[in-house]
Amino acid sequence: MSLNRRCSRTACGRPAVSTLTYVYADQTAVLGPLATFAEPHAYDLCEVHSERLSAPRGWDVLRLAPDPNAIGPTTDDLLALADAVREAARPVPVTVSAPSAETGREVARKGHLRMLTSE
């Protein structure tokens, strides 16, 4: 599974095969399969640098093996993504509400914004 990303190590041009993240609270370095998307606080590593990985003294390295049967996203993953896109695309209705106890009367609302008339 190549996502056309290169190793994050300086002067290494080999293709990335795994992603390294740090859990600072637990003092753990987590090396897992190549992430689907590049993240700003994660490091993509080639096979050579993945094998040579070491952590600072007192830290643990957690190596997560890739699932050999995973070829891509599962049907459940795709359905969850489709549901999230549908939910995000759903229009937010504009509501007209009763007078407000504030200085003006609320005549419309969209999300956290309110339209008030002056009295």
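The values are calculated or read from the model by the stated rules, or taken from the named source; none is laboratory data. Just so it is clear, the model here is predicted, and its values are computed rather than measured. Cβ sites come from the backbone with ideal geometry, for glycine too, and all protein chains shown count toward neighbours.
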Given the conditions (1) touching a Cys at 6+ places or on another chain (Cβ under 7 Å); (2) exposed (fewer than 13 other Cβ atoms within 10 Å of the Cβ); (3) hydrophobic (A, V, I, L, M, F, W, C), which single one is not true for residue 45?
(2)
Among the numbered criteria (1) outside any loop (DSSP other than H, G, I, E, B); (2) surrounded by 13 or more Cβ atoms within 10 Å (Cβ to Cβ), which one does residue 9 miss?
(1)
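In this structure, does residue 118 turn out to be surrounded by 10 or more Cβ atoms within 10 Å (Cβ to Cβ) and at pLDDT below 75?
So residue 118 does not fit the description; no.
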Only strands (runs of 3 or more DSSP E) wholly contained in segment 40-110 count here; list those with 1 or more residues that are modelled with pLDDT under 80.
105-110
